[in-house]
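Participant: Take this structure, written in structure tokens, and hold onto it; I'll ask about it next.
The values are calculated or read from the model by the stated rules, or taken from the named source; none is laboratory data. Predicted model only: the values in this text are computed from it and were never measured. A quick note on method: Cβ atoms are made from the backbone with ideal geometry, for glycine too, and the neighbour counts reach across all protein chains shown.
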Amino acid sequence: MERISAQDNSKSYVEKIETWFKNKNFSNVNLQVKQKPKNDPQDSYIVAAEMTFEPSSSKMMKVEIWITNSGKMGIKMGSIGQEPDDVSIEAIIALLEIISGGKIAESNSGFWIFKNKKLTLLESDCQKLSNLKYIYLDRFSKLKSFGKTVAKYDPWR
């Protein structure tokens with residue numbers, strides 16, 4: 001699996017994700033790309049590129065992807081984010097396929113005062129991400145099929 005190295009330019013990952021997005025022809029999702037966005041001085045990394053997938057409806061999941069100058073990638077899906085780490089471009093695109101297909105939900109667990117939000121995926125999609133060595137699988141709940149969940153997101157169109 002391909003990974004960006006410190007010497008590589010984040011533009012290659014941005015280009016691959018932009019190509020994926022353009023090939024999908026989504027009419028209700030806008031992609032914004034920022035090269036060298038403002039960084040938080042508290043962070044231990046420098047974001048070289050930021051990509052935001054902004055759907056026209058709140059029933060579809062908003063996604064933000066950060067690519068650091070050292071080749072790590074982070075992703076925020078809805079209200080749940082994952083700090084930049086060693087994640088392959090193949091895993092990120094597979095995750096975008098799952099999200100854009102509406103095969104993701106958000107659920108709460110715990111007492112009403114201490115609700116923990118968690119993303120829910122189908123077991124088959126978790127297996128695909130596992131095969132791509134996606135390191136954040138422990139952050140997802142897994143289901144054989146979607147029943148009643150708090151918020152199942154609509155597919156991007």
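A quick yes/no check of all residues on (1) within 17 Å of the chain's Cα centre (by Cα); (2) closer than 22 Å to Lys152 by Cα; (3) aliphatic (A, V, I, L, M):
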position: Phe21; (1), (2), (3): yes, yes, no
position: Ser27; (1), (2), (3): no, yes, no
position: Lys34; (1), (2), (3): yes, no, no
position: Gln42; (1), (2), (3): no, no, no
position: Thr52; (1), (2), (3): yes, yes, no
position: Val63; (1), (2), (3): yes, yes, yes
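Participant: I would also like to ask the following. Return the residue satisfying two criteria in turn: it lies in region 71-93 and is small (Gly, Ala, Ser) and surrounded by fewer than 17 Cβ atoms within 10 Å (Cβ to Cβ), and of such residues it is modelled with the highest pLDDT. It would help to see each step written out before you state the result.
Facilitator: In the first step, residues of region 71-93 are kept if they are small (Gly, Ala, Ser); the result is 71, 74, 78-79, 81, 88, 91.
Then keep just the ones that are surrounded by fewer than 17 Cβ atoms within 10 Å (Cβ to Cβ); that gives 79, 81.
Details: Ser79: 84, Gly81: 88.
Among them, the one singled out is Gly81.
Participant: Here is a follow-up. Here is a list of conditions, (1) on the phi < 0 side of the Ramachandran plot; (2) at pLDDT 95 or above, and Asn25 meets all of them except one; can you say which number that is?
Facilitator: (1)
Participant: Now for a different question. Under 7 Å by Cβ, and 6 or more places apart or on different chains, what pairs join a residue from region 62-89 that is in contact (Cβ under 8 Å) with a residue 40 or more places away in the chain and within 15 Å of Thr52 (Cα to Cα) with one that is among the aromatic types (Phe, Trp, Tyr) and in a strand (DSSP E or B)?
Facilitator: From region 62-89, the pairs are Met73/Trp66.
Participant: Continuing with the same structure: Return the only residue of Glu64, Glu106, Glu97 being under 21 Å from Lys24 (Cα atoms), surrounded by 15 or more Cβ atoms within 10 Å (Cβ to Cβ) and of a type outside the set (Val, Ile, Thr).
Facilitator: Glu64
Participant: Still on this structure, I have one more. Inspect all residues belonging to region 81-99 and state whether any of them is assigned to a loop (DSSP other than H, G, I, E, B) and farther than 19 Å from Lys128 by Cα. Spell out how you get there, then give the answer.
Facilitator: The first filter runs over region 81-99 and keeps only residues assigned to a loop (DSSP other than H, G, I, E, B), leaving 86-88.
Those still in the list that are farther than 19 Å from Lys128 by Cα too: none.
No, region 81-99 has no match at all.
Participant: Where residues in region 108-139 are β-branched (Val, Ile, Thr) and modelled with pLDDT of 85 or more, which of them is farthest from Ile98 (Cα to Cα)?
Facilitator: Our first condition is that a residue be β-branched (Val, Ile, Thr); within region 108-139, this holds for 113, 120, 135.
When the remaining residues are screened for being modelled with pLDDT of 85 or more, the result is 120, 135.
Working: Thr120: 11, Ile135: 16 Å.
Here the residue is Ile135.
Participant: Next up: Can you tell me which residue in region 37-66 is nearest to Ile98 (Cα to Cα), limited to those that are outside any loop (DSSP other than H, G, I, E, B) and out of contact with any Asp or Glu (no Cβ under 8 Å at 6 or more places or on another chain)? Outline the logic, then answer.
Facilitator: Going residue by residue through region 37-66, those that are outside any loop (DSSP other than H, G, I, E, B) are 47-55, 60, 63-66.
Now restrict to residues that are out of contact with any Asp or Glu (no Cβ under 8 Å at 6 or more places or on another chain): 47-49, 54-55, 63.
Values: Val47: 25, Ala48: 25, Ala49: 22, Glu54: 16, Pro55: 15, Val63: 12 Å.
Here the residue is Val63.
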